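A.B. asks: I have a structure here, written as structure tokens, and I will follow up with some questions on it.
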Amino acid sequence: MDRSEANSGTRDVAEASRFDENALARWMEDHVEGFAGPLVVDQFKGGQSNPTYRLRTPSKAYVLRRKPPGKLLPGAHAVDREYRVVTALGGAGFPVARTWGLCEDDAVIGTPFYVMDLVDGRIFWDAHLPEVPREDRAAYFDAMNAAIAALHVIDPAAIGLGDYGKPGDYFARQIGRWTRQYQGDDAAGRNAAMDRLVEWLPANSPPDAGDLRVIHGDFRCDNMIFHPEKPQILAVLDWELSTLGDPLADFAYHLMMYRMPAGITAGLAHGPPLGLLGIPSEDAYVAAYCRRTGRTGIPNLDFLVVFNMFRLAAIVHGIKGRVARGTAASAHAAAMASQFEPLADLAWEQAKRAGA
């Protein structure tokens, strides 16, 4: 099963993710303008971390994102933060789904959740964009580039997000956070490459750029909804990992697609030559982002890629732990968890490229 088949569409709500749908309908009657039942609930196949549901009524469709039930790692699954950043960015004109309300009362469906519009469009699970004609692919890549650049030029304080993250020591805090997540999840086990990265990254971190911006944290093609017929992004999804941080680190995460194979995530490495596919090169993509954000280049790019691969490996390690504990939200979580070791090894190979 490929990533598109595994993640696209909906299914019946998993037993571990069920809740009182009547209680939800009553909450929506009180908090969602224009809501009118009856309400039909199913679950999206994707959503490795926070269970995500489609809510259908006779006249409208919504999306619900909730904190998963069960034992969770500290600080994870903060749907209240997701709601806050999506609401603020929507007010600033950035392409996100319209939010309708946040519920932090566990008594309603068992865990906190928020509701937003369902945005119809296309999601691409393969960064090669095989569904798009060759001559159009560059425009789709340019749309992604323009979107992440637009995010990184927004002044967080101007949209009420000046306190959305801690100032200073971004890399130290992030490396520390994901090291603790990795080392604190005994159910998922250890990996020699990750252990080497835990030592190498703090010793090789560049100084903070001091340019705090809202960063998405998981900006890739399958976290965007494109217009059904043209290269326009209608909504950027999955803001669970967002914070204030180094925008260049955020861009480097997005840029990882050029160095990741398709088998691990939405990657472009080890495939046909990009020029034959109509896809811009890594250098051209970096240059376009720098032009849009007023930069002359990205220093320490190789380190930033290693940092992000380590961070992604720690996230996948967390999925592996949830599989072991039986709390994984996605039906294909086991397949994702199996990618932890190859991803950790790839991160260490990139560290060697950066001088390890």
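Conditions tested, residue by residue: (1) part of a helix (DSSP H, G or I); (2) out of contact with any strand residue (DSSP E or B) (no Cβ under 7 Å at 6 or more places or on another chain); (3) free of Cβ contacts under 8 Å to residues at least 60 places away in the same chain.
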{"position": "Gly267", "(1), (2), (3)": "no, no, no"}
{"position": "Pro280", "(1), (2), (3)": "no, yes, no"}
{"position": "Val286", "(1), (2), (3)": "yes, yes, yes"}
{"position": "Pro299", "(1), (2), (3)": "no, yes, no"}
{"position": "Phe310", "(1), (2), (3)": "yes, yes, no"}
{"position": "Gly318", "(1), (2), (3)": "yes, yes, no"}
{"position": "Thr327", "(1), (2), (3)": "no, yes, no"}
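A.B. asks: Can you tell me which residue in the range 190-223 is surrounded by the fewest Cβ atoms within 10 Å (Cβ to Cβ), limited to those that are acidic (Asp, Glu) and part of a loop (DSSP other than H, G, I, E, B)?
C.D. replies: Kept after step one, since they are acidic (Asp, Glu), are these residues of the range 190-223: 195, 199, 208, 211, 218, 222.
Right, trim to part of a loop (DSSP other than H, G, I, E, B) and you get 208, 211, 218.
Numbers: Asp208: 16, Asp211: 13, Asp218: 21.
That would be Asp211.
A.B. asks: Tell me, which residue of the range 224-242 that is modelled with pLDDT of 95 or more and either among the acidic types (Asp, Glu) or outside any loop (DSSP other than H, G, I, E, B) (or both) is farthest from Lys67 (Cα to Cα)?
C.D. replies: So the residue we want is Glu229.
A.B. asks: Still on this structure, I have one more. Please tell me if Arg3 is out of contact with any Ser or Thr (no Cβ under 7 Å at 6 or more places or on another chain), of a type in the set (Lys, Arg) and at pLDDT 95 or above.
C.D. replies: On the way: out of contact with any Ser or Thr (no Cβ under 7 Å at 6 or more places or on another chain): yes; of a type in the set (Lys, Arg): yes; at pLDDT 95 or above: no.
Spelling it out, it is not the case that Arg3 is out of contact with any Ser or Thr (no Cβ under 7 Å at 6 or more places or on another chain), of a type in the set (Lys, Arg) and at pLDDT 95 or above.
A.B. asks: Select, from Ala143, Ala187, Ala172, the only residue that is over 27 Å from Asp345 (Cβ atoms), in the same structural domain as Tyr258 (by TED's automatic domain parsing) and assigned to a helix (DSSP H, G or I).
C.D. replies: Residue meeting the stated conditions: Ala143.
A.B. asks: Scan (1) under 20 Å from the mean Cα position of the chain (by Cα); (2) modelled with pLDDT of 75 or more; (3) over 30 Å from Pro130 (Cα atoms) for the single condition Leu39 breaks and write down its number.
C.D. replies: (1)
A.B. asks: Still on this structure, I have one more. Hey, among the residues in the range 42-63 that are in contact with a Ser or Thr (Cβ under 7 Å, 6 or more places away or on another chain) and either closer than 19 Å to Val86 by Cβ or modelled with pLDDT of 95 or more (or both), which one's surrounded by the fewest Cβ atoms within 10 Å (Cβ to Cβ)? Can you show your working first?
C.D. replies: First pass over the range 42-63, keeping only residues in contact with a Ser or Thr (Cβ under 7 Å, 6 or more places away or on another chain): 42-48, 51, 54, 63.
Pick out the ones that are also either closer than 19 Å to Val86 by Cβ or modelled with pLDDT of 95 or more (or both) and you get 44, 46-48, 51, 54, 63.
Values: Phe44: 20, Gly46: 22, Gly47: 22, Gln48: 21, Pro51: 26, Arg54: 16, Val63: 20.
Taking the candidates together, the pick is Arg54.
The values are calculated or read from the model by the stated rules, or taken from the named source; none is laboratory data. Values in this document were obtained by computation on a predicted structure and should not be read as measured data. All Cβ positions, even for glycine, are placed from backbone atoms using ideal geometry, and neighbour counts span all protein chains on display.
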